[in-house]
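**Student:** The following block contains the structure, expressed as structure tokens.
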Amino acid sequence: MARAAEAEGALRAPAVCAAAQAALARAEAEARLQTKRRAWSRDFAEAGLLATRALEAAHVCASHARAARDLRRGRAAQALSELEAGIARATGLARHVPDGEGIKNEILKAVLALGEGRTSFDRGQYERAEEAAARGREQIRSSVEEIARFIDEFRSGPRLPIWRRWVQETVRLSEIEKRTVILVDKLRRQLLVIRGGEDLASYTVDLGVGGIATKTRAGDEFTPEGRYEVTEVRGPGQTRYHRALMLNYPNEDDRERFRAAKRAGRVPRNVRIGSNIEIHGEGGRAQDWTQGCVALSNQDMDDLTTRVEIGTPVTIVGTIPDGVLE
């Protein structure tokens, strides 16, 4: 019964363990009864039989308890593992949502629930660990739903037709002239290299601190959107960021949009349009950190620079519309 108690039999197999405890109590009661009799009239046969039954019941109790504990341990371990994976996915998706403080708070609550669950698991409190994981999963579900709503709205926004036209024109140019072109999808944090309609490479990118918002002026730390070209290829020692492809931002379209924004009062009259937009290395940080440039890991940047040259077209859009590249 002590070993059954160590396996938390009363909690994990209550019916079986209650029967074992009752059998033990009957054996003890019979033994006490015989002990009170005179020595020559004592008969412990019934007590021994009851004790044997109690022992058998206790073995069953301990076995059930250990099986239940192992099942709970496995379920709790799986729940915590799933929560950890969910947090990682939600954290990655949260990069897509500007000013998503509510979403980040939900993810933080899930992280705290994961920590609580792990502590309970280490203490053998598998039910509590599973309960904590369930709370965390609900918080992740809520945050992912909010992210999905934002992405759906973003992908159906008013700039979608412009992005579609830019991508289509760039791909058509690649197919007609058999040229290598670069497409940057800010929402997906993805850079594609295409030649003649064939996908050559795909890289994960980091963006400006502002994330997927559109650049309007100098210092806003947003990554611009538009059709550009590589004006210079810089190698190690020529840039702070391992390697760099310099872009012709701002081009005439950018300047015209900037002048229109000033006339409409969307940007102050004393600000500049900005410059020095690059595709460069030192990325791969899984967060947006640049001042408006597109950053790749150094390894990806080494590969990318072998595929491009001065004059390579670069099109940056909020997102590549579905079906355009099919």
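**Student:** Looking only at the range 103-122, which residues are touching a helix residue (DSSP H, G or I) at 6+ places or on another chain (Cβ under 7 Å) and either closer than 23 Å to Arg75 by Cβ or loosely packed, with under 14 Cβ neighbours inside 10 Å (or both)? Talk me through it step by step, then tell me what you get.
**Tutor:** Start the filter on the range 103-122 by keeping residues that are touching a helix residue (DSSP H, G or I) at 6+ places or on another chain (Cβ under 7 Å), which leaves 103-104, 106-107, 109-111, 113-114, 116-118, 120-121.
Lys109, Ala110, Val111, Ala113, Leu114, Glu116, Gly117, Arg118, Ser120, Phe121 - these are the residues of the range 103-122 that are touching a helix residue (DSSP H, G or I) at 6+ places or on another chain (Cβ under 7 Å) and either closer than 23 Å to Arg75 by Cβ or loosely packed, with under 14 Cβ neighbours inside 10 Å (or both).
**Student:** Another one. Say whether the condition of being of a type in the set (A, V, I, L, M), surrounded by 13 or more Cβ atoms within 10 Å (Cβ to Cβ) and closer than 30 Å to Ala148 by Cβ is met by at least one residue in the range 55-74. Spell out the reasoning first.
**Tutor:** Residues of the range 55-74 of a type in the set (A, V, I, L, M): 55, 57-58, 60, 62, 65, 67-68, 71.
Add one more test, that the residue is surrounded by 13 or more Cβ atoms within 10 Å (Cβ to Cβ), and what stays is 55, 57-58, 60, 62, 65, 67-68.
So of that shortlist, the ones also closer than 30 Å to Ala148 by Cβ come out as none.
Among the residues of the range 55-74, not one is of a type in the set (A, V, I, L, M), surrounded by 13 or more Cβ atoms within 10 Å (Cβ to Cβ) and closer than 30 Å to Ala148 by Cβ, which makes the answer no.
**Student:** Here's a follow-up. Has the range 287-304 got any residue that is in a helix (DSSP H, G or I), surrounded by 15 or more Cβ atoms within 10 Å (Cβ to Cβ) and polar (S, T, N, Q)?
**Tutor:** Yes, the range 287-304 has at least one match.
**Student:** Hey, another quick one. Return yes when Thr214 is among the β-branched types (Val, Ile, Thr), more than 24 Å from Gly311 (Cβ to Cβ) and in contact with a strand residue (DSSP E or B) (Cβ under 9 Å, 6 or more places away or on another chain) and no when it is not. So that I can check it myself, show each step before the final result.
**Tutor:** On the way: among the β-branched types (Val, Ile, Thr): yes; more than 24 Å from Gly311 (Cβ to Cβ): yes; in contact with a strand residue (DSSP E or B) (Cβ under 9 Å, 6 or more places away or on another chain): no.
So Thr214 fails the test.
**Student:** Name every residue in the range 85-102 that is surrounded by fewer than 17 Cβ atoms within 10 Å (Cβ to Cβ) and within 11 Å of the chain's Cα centre (by Cα), in order of residue number.
**Tutor:** Once the filter is applied, which keeps residues that are surrounded by fewer than 17 Cβ atoms within 10 Å (Cβ to Cβ) and within 11 Å of the chain's Cα centre (by Cα), the range 85-102 yields Ala85, Ala88, Arg89, Gly92.
**Student:** Quick one: in the range 1-43, of everything that is under 30 Å from Glu127 (Cβ atoms) and among the charged types (D, E, K, R), which residue is farthest from the chain's Cα centre (by Cα)?
**Tutor:** Result: Arg3.
**Student:** Only one of these is surrounded by fewer than 19 Cβ atoms within 10 Å (Cβ to Cβ) and either under 28 Å from the mean Cα position of the chain (by Cα) or farther than 28 Å from Pro161 by Cβ (or both): Ile316, Ile310, Ile320. Name it.
**Tutor:** Ile310
**Student:** Also, I was wondering about something else. Return yes when Ala113 is among the aliphatic types (A, V, I, L, M), in contact with a Ser or Thr (Cβ under 6 Å, 6 or more places away or on another chain) and assigned to a helix (DSSP H, G or I) and no when it is not. I'd like the intermediate steps shown before the answer.
**Tutor:** Values: among the aliphatic types (A, V, I, L, M): yes; in contact with a Ser or Thr (Cβ under 6 Å, 6 or more places away or on another chain): no; assigned to a helix (DSSP H, G or I): yes.
For Ala113, the condition - among the aliphatic types (A, V, I, L, M), in contact with a Ser or Thr (Cβ under 6 Å, 6 or more places away or on another chain) and assigned to a helix (DSSP H, G or I) - is not met.
**Student:** The conditions are (1) part of a helix (DSSP H, G or I); (2) out of contact with any Phe, Trp or Tyr (no Cβ under 8 Å at 6 or more places or on another chain), and Ile279 fails exactly one of them. Which is it?
**Tutor:** Checking Ile279 against (1) part of a helix (DSSP H, G or I); (2) out of contact with any Phe, Trp or Tyr (no Cβ under 8 Å at 6 or more places or on another chain), the one that fails is (1).
Read the figures in this text as sums done on the coordinates, not as results from a lab. Keep in mind that what you see is a predicted model, and the values were worked out from it rather than measured. Note: ideal-geometry Cβ built from the backbone for every residue, glycine included; neighbour counts use all protein chains shown.
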